[in-house]
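So that we are looking at the same thing, I have put the structure below in structure tokens.
Every number here is computed from the coordinates shown, using simple stated rules; none is lab data. These figures come from a predicted structure and were not determined experimentally. Here the Cβ is made from the backbone with ideal geometry for all residues, glycine too, and neighbour counts use every protein chain on show.
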Amino acid sequence: MKIDLIEISKINSKKKLKKYSLNKPIFLENYLFHYLILANNLRGLKLYKFPIYKINSNDENGFHLAAKNKNYKILSYLIDEYPDYIYNLNFNNENFMHLCDPEDDQYLNLILKKNIDWKNIMLQYSKDSICPLDILFSNANNSKIVKIITKIKFDYNNYL
């Protein structure tokens, strides 16, 4: 099947949305919402309640894909609209924060503005024994680290 990301990026109505299968993979375990995220089409994502927790062939659910592509507007929307799936892990035991870039200023804004269980997310270890806090400490500048650890009062007894 040929996937036209330009056409998917222009989906802005339920009529256009219904051209696609909404609850089944379109190609290689990718659902329409995966392509909407890749095409940065937040308007299209808002038209339907997608099975955002579904993992594609690259081991990414909607949260993972938005994080990996540094699409913080979509990631913020997913956190607000799909709170039951925030803590979902992929097969490598990674949550979406494993794929975020701590050097990006929007990373800091996301953490400061969203009221979720950041301790749980930041201390989730992957099968490779890496947690998002490790990634933060190794990639972010000192100012950003201080702001984040001030907001999230970590229990360092759980930090390996």
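Work from the charge dipole of the chain (Cβ charges, +1 for Lys and Arg, -1 for Asp and Glu, about the Cα centre) and give the residue of 85, 23, 53 farthest towards its positive end.
23
(1) 75, 37, 25; (2) 51, 28, 24; (3) 51, 42, 21: which one is Cα extents along the principal axes in Å as calculated from this entry?
Computed from the coordinates, Cα extents along the principal axes in Å corresponds to (2).
Follow-up question, since we're still on this one. Relative contact order for segment 67-112: what percent, with Cα pairs under 8 Å and sequence separation of 6 or more?
Worked out over segment 67-112, it gives 45 percent.
Using 0.36 nm times the number of residues separating residue 48 and residue 109, minus their current alpha carbon distance, what extension gain do you get?
Values: separation 61, 0.36 × 61 = 21.96 nm, distance 2.65 nm.
Length difference between fully extended and current span is 19.3 nm.
Among the listed pairs 54/144; 49/144; 10/144; 70/113; 14/54, give every one whose C-alpha distance is greater than 27 Å.
Values: 54/144 32 Å; 49/144 34 Å; 10/144 36 Å; 70/113 16 Å; 14/54 21 Å.
Among 54/144; 49/144; 10/144; 70/113; 14/54, the Cα-Cα distance tops 27 Å for 54/144; 49/144; 10/144.
While we're here: Taking the mean number of other Cβ atoms within 10 Å as a proxy for protection, how do you rank 150-157, 45-52 from highest to lowest?
Details: 150-157: 10.4, 45-52: 17.4.
The densest-packed peptide leads the list: 45-52, 150-157.
So, by mean Cβ neighbours within 10 angstrom, what's the order for 81-90, 66-75, 15-24 with the highest one leading?
Values: 81-90: 15.3, 66-75: 19.7, 15-24: 12.8.
So the peptides 81-90, 66-75, 15-24, ranked by packing, come out 66-75, 81-90, 15-24.
Continuing with the same structure: With θ set to phi - 60°, apply the Karplus curve 6.51 cos²θ - 1.76 cosθ + 1.60 along segment 43-52 and write out the HN-Hα couplings as whole Hz, x wherever there is a Gly or Pro.
After applying 6.51 cos²θ - 1.76 cosθ + 1.60, I find 4, x, 4, 6, 7, 7, 8, 7, x, 4 Hz.
With a cut-off of 8 Å between alpha carbons and a minimum separation of six or more residues, what is the relative contact order of segment 16-111 in percent?
Working: 106 pairs, mean separation 20.7, N = 96.
Once divided by the residue count of segment 16-111, the mean separation gives 22 percent.
What is the distance in Å between the Cα centroid of segment 1-77 and that of segment 78-115?
The distance from the Cα centre of segment 1-77 to that of segment 78-115 comes to 17 Å.
Now for a different question. Normalised by the residues of the chain, what does the relative contact order come to in percent, with Cα pairs under 8 Å and at least six apart? Provide the component values of the computation, followed by the final result.
Details: 188 pairs, mean separation 23.9, N = 160.
The normalised contact order for the chain reaches 15 percent.
How high is the FRET efficiency from residue 16 to residue 126, r the C-beta distance, R0 30 Å, rounded to 0.05?
0.20
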